[in-house]
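Report on one structure; see the data block that follows.
The values are calculated or read from the model by the stated rules, or taken from the named source; none is laboratory data. This one's a predicted model, so the numbers in the text were calculated from it and none came from an experiment. Backbone-built Cβ (ideal geometry, glycine too); neighbour counts: all protein chains shown.
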Amino acid sequence: MKRILLCLLAALLCLSLAGCAAKGDTSSVRIVRGTSETLEKDEIRAAIDAAMDAFRSTREGETLLALRYDEAYSIAWVTANDPEPDENTLVLLATYLDADGRQHSGMPWVLTRNEKGNWNVEDMK
């Protein structure tokens, strides 16, 4: 009986710790949402939210410090890298600390919007 109880307690402990994996930290991110002539504020915010969700789920042990939307930079990047640019691609500039504590600043994160209007991260350097 004791053995069964100990096994059950060990299994419960393992299950509870499995949900505690360190995820990317976005708790103190500074968001700079510049003005836009092509996108509404809620469209930019939706892209920022999608980027933060992707960071939390894929950047274990890293800390997001800032996300910035700069329309001039985004348009220039998209125009230079996409043969048929449209309003369904944007670039955010990210500053974050990697798992070793090194800071990466002004990293371009590319997002595209699908036919349902949801933003998806295509490239997160």
Q: Considering each residue of the range 53-67, count those that are free of Cβ contacts under 8 Å to residues at least 40 places away in the same chain and surrounded by fewer than 18 Cβ atoms within 10 Å (Cβ to Cβ), and give that number.
A: 7
(Q) For the range 37-51, check the following and say yes or no: at least one residue is in contact with a strand residue (DSSP E or B) (Cβ under 8 Å, 6 or more places away or on another chain) and part of a loop (DSSP other than H, G, I, E, B). (A) yes
Q: Sort out which residues of the range 72-125 are more than 15 Å from the chain's Cα centre (by Cα), closer than 15 Å to Ala46 by Cα and either surrounded by fewer than 18 Cβ atoms within 10 Å (Cβ to Cβ) or of a type outside the set (Ser, Thr, Tyr) (or both), and write them in order of number.
A: Glu87, Asn88, Asn114, Glu115, Lys116, Gly117
Q: Kindly list the number of the only condition in (1) of a type in the set (Val, Ile, Thr); (2) surrounded by fewer than 18 Cβ atoms within 10 Å (Cβ to Cβ); (3) modelled with pLDDT of 95 or more that fails for Thr38.
A: (3)
Q) All but one of (1) at pLDDT 95 or above; (2) within 18 Å of Leu111 (Cα to Cα); (3) in contact with a helix residue (DSSP H, G or I) (Cβ under 9 Å, 6 or more places away or on another chain) hold for Val29; which doesn't? A) (2)
**Q.** Filtered residues of the range 57-88 (kept if charged (D, E, K, R) and in contact with a Leu (Cβ under 8 Å, 6 or more places away or on another chain))
**A.** Glu62, Arg68, Asp70, Glu71, Glu87
**Q.** Odd one out for Leu5 among (1) at pLDDT below 90; (2) surrounded by fewer than 10 Cβ atoms within 10 Å (Cβ to Cβ); (3) not in a helix (DSSP H, G or I)
**A.** (3)
Q: Could you grab me the full set of residues in the range 68-125 that are of a type in the set (Asp, Glu) and part of a loop (DSSP other than H, G, I, E, B)?
A: Asp70, Asp82, Glu84, Asp86, Glu87, Asp98, Asp100, Glu115
